[in-house]
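The values are calculated or read from the model by the stated rules, or taken from the named source; none is laboratory data. Quick caveat, the model's predicted, so the values are computed rather than measured. Quick reminder, even Gly has a Cβ in these numbers, built from the backbone with ideal geometry, and neighbours come from all protein chains shown.
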Amino acid sequence: MTAEEAIDRINELLDSTDPDTVNTSMRIPKALREAAALAVSELGVAPSATVLAANALRMLLEGTVVLAALDLHFEKYPEARPSLADLAIALAEIEGSPLAQQPDLLLRSAAEIKRRHPHAEPQDVLVWAEAREYTAQEQKRTQAGQKGAA
Amino acid sequence: MNRLVLLDNEAVQALRDPAHRKHHHVIGYVLEAAKLRARSRAIRIAVPAAVRVEAGWDRTAPAWSSVNRFRIVDIPLDTEHANVAAGIAKRTGVSVADAHLGAAIRAAETDYVLVLTSDPDDMRLVAEGKRVDVVAL
């Protein structure tokens, strides 16, 4: 089975509306099972531990199968890979962050953080940009306060 | 927070064609959404059926197999959406695809809707007052 075939089959299975369930012999740590049971009974995070586990597994699979498809895509088209700045802007937009309105700041921040941390993630760029923005505003406030005192 | 990212025709074209000048830009949204999804965050990327028709996106055609793997879900043009879209088209004069986008925006039960589009003004127009964020391609 090729990676493409595996991805297509996983997607097909994830989209299946087949209501059949199956008892699995999957072994999970006892403590994890107890934690899940407590989260259900005491915190109400899901109707049952089974639903909790199935939902978590579904979301993980739905995300990772797309990431696997993107890896194949970037192998074939390396130039299609977005830059760190592209990803930071996309993340800011998706998160509804006000930083999305400052693409130049995110571009600068991505370039700066990449120089210091070559493996930085888009989330790191947002934190970096937020810190820079905060520092700049604090400096302005301080300068305005000093002018006022003078 | 529950998030929905919608694609217009231009976004679909950009996604399909690696040589498109905005391809890497749209791919960035697919990548970040997938990372969030894998961390159990409630986020979906979707395409209204009428947009898919306009874009020529046939899920059975081999030419679209790569895009199919990105798990972009369909928003069907069902009775309710067709009624809302018909009203939007009549009031605003936009295309059927844009009217369906408007219906999808208005029907979204998510906390946050983001549209990737080549025409931000039309998207705000078809939203008819419903809060929507727009990314201009």
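Of the residues B:Ala11, B:Ala33, which is more than 9 Å from chain A (Cβ to nearest Cβ), buried (at least 19 other Cβ atoms within 10 Å of the Cβ), part of a helix (DSSP H, G or I) and at pLDDT 95 or above?
Just one listed residue meets the conditions, B:Ala11.
Where residues in the range A:5-23 are among the acidic types (Asp, Glu) and over 23 Å from the mean Cα position of the chain (by Cα), which of them is nearest to A:Glu75 (Cα to Cα)?
Among those residues, the one meeting the criterion is A:Glu5.
Residues that are under 27 Å from A:Glu95 (Cα atoms) and free of Cβ contacts under 8 Å to residues at least 60 places away in the same chain: find the helices (runs of 4 or more DSSP H) completely inside the range B:40-117 holding 3 or more of those.
Because the criterion is at least 3 residues that are under 27 Å from A:Glu95 (Cα atoms) and free of Cβ contacts under 8 Å to residues at least 60 places away in the same chain, the helices (runs of 4 or more DSSP H) in the range B:40-117 that meet it are B:49-55, B:65-68, B:96-107.
Would you mind telling me which numbered condition in (1) at the interface with another protein chain (Cβ under 9 Å from one of its Cβ atoms); (2) surrounded by fewer than 19 Cβ atoms within 10 Å (Cβ to Cβ); (3) under 24 Å from A:Pro118 (Cβ atoms) A:Gly96 fails?
Every listed condition holds for A:Gly96 apart from (3).
Can you find even one residue in the range A:127-147 that is closer than 21 Å to B:Met1 by Cα, in a helix (DSSP H, G or I) and either of a type in the set (Lys, Arg) or within 11 Å of chain B (Cβ to nearest Cβ) (or both)?
No, the conditions are met nowhere in the range A:127-147.
Every residue in the range B:84-104 that is under 16 Å from the mean Cα position of the chain (by Cα) and not aliphatic (A, V, I, L, M), please.
B:Ser95, B:Asp98, B:His100, B:Gly102
Just give me the residues in the range B:37-52 being closer than 18 Å to B:Ile105 by Cα and of a type in the set (A, V, I, L, M, F, W, C), in sequence order.
B:Ala42, B:Ile43, B:Ile45, B:Ala46, B:Val47, B:Ala49, B:Ala50, B:Val51
When you go through A:Leu72, A:Leu61, A:Leu87 one by one, which is the residue that is within 20 Å of B:Arg41 (Cβ to Cβ), out of contact with any Pro (no Cβ under 7 Å at 6 or more places or on another chain) and either in contact (Cβ under 8 Å) with a residue 24 or more places away in the chain or hydrophobic (A, V, I, L, M, F, W, C) (or both)?
Result: A:Leu61 is the single residue among A:Leu72, A:Leu61, A:Leu87 that is within 20 Å of B:Arg41 (Cβ to Cβ), out of contact with any Pro (no Cβ under 7 Å at 6 or more places or on another chain) and either in contact (Cβ under 8 Å) with a residue 24 or more places away in the chain or hydrophobic (A, V, I, L, M, F, W, C) (or both).
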